[in-house]
Amino acid sequence: MSDIIRFPLATEKTIRMMEAENKLIFIVERKAGKQDIKKAVEEIFKVKVDSVNTTIERKDGKKKAYVKLRQDYPAIDVATQLGLM
């Protein structure tokens with residue numbers, strides 16, 4: 001996808017978050033900051049990002065980014081574009 005965003009996550013939990021909270025979840029480059037992730041998502045998917053939260057998984061050391069989109073950009077549309085839905 002890009003140097004920052006590795007791939008989207010598509011689990012039952014992430015699909016519920018898309019529908020209920022308008023969030024997308026990505027595995028990202030471990031060194032990427034929140035502003036880098038926000039900029040990459042906005043450029044790739046042509047959407048506006050409201051906020052970004054990150055966490056590093058203890059098991060495998062991968063970094064997850066929870067990207068909340070603005071209300072006028074449905075996360076479901078982006079998921080469909082990615083082929084997740």
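The values are calculated or read from the model by the stated rules, or taken from the named source; none is laboratory data. It should be emphasised that the depicted structure is a prediction, and the values quoted were computed from it without experimental measurement. Cβ placement follows ideal geometry from the backbone for every residue including glycine, while neighbour counts extend to all protein chains displayed.
When the range 59-85 is examined, which residues are found to be closer than 16 Å to S2 by Cβ, in a strand (DSSP E or B) and not basic (K, R)?
A65, V67
Filter the range 7-58 down to residues that are in contact (Cβ under 8 Å) with a residue 12 or more places away in the chain and either in a loop (DSSP other than H, G, I, E, B) or hydroxyl-bearing (S, T, Y) (or both), then give me how many there are.
Final tally of qualifying residues: 10.
Being surrounded by fewer than 18 Cβ atoms within 10 Å (Cβ to Cβ), in contact with a Leu (Cβ under 6 Å, 6 or more places away or on another chain) and at negative phi, is that true of even one residue in the range 64-82?
Checking the range 64-82: not a single residue is surrounded by fewer than 18 Cβ atoms within 10 Å (Cβ to Cβ), in contact with a Leu (Cβ under 6 Å, 6 or more places away or on another chain) and at negative phi.
Only one of these conditions is not met by N53: (1) at pLDDT below 95; (2) more than 15 Å from F7 (Cα to Cα). Which number is it?
(1) is the only condition that N53 fails.
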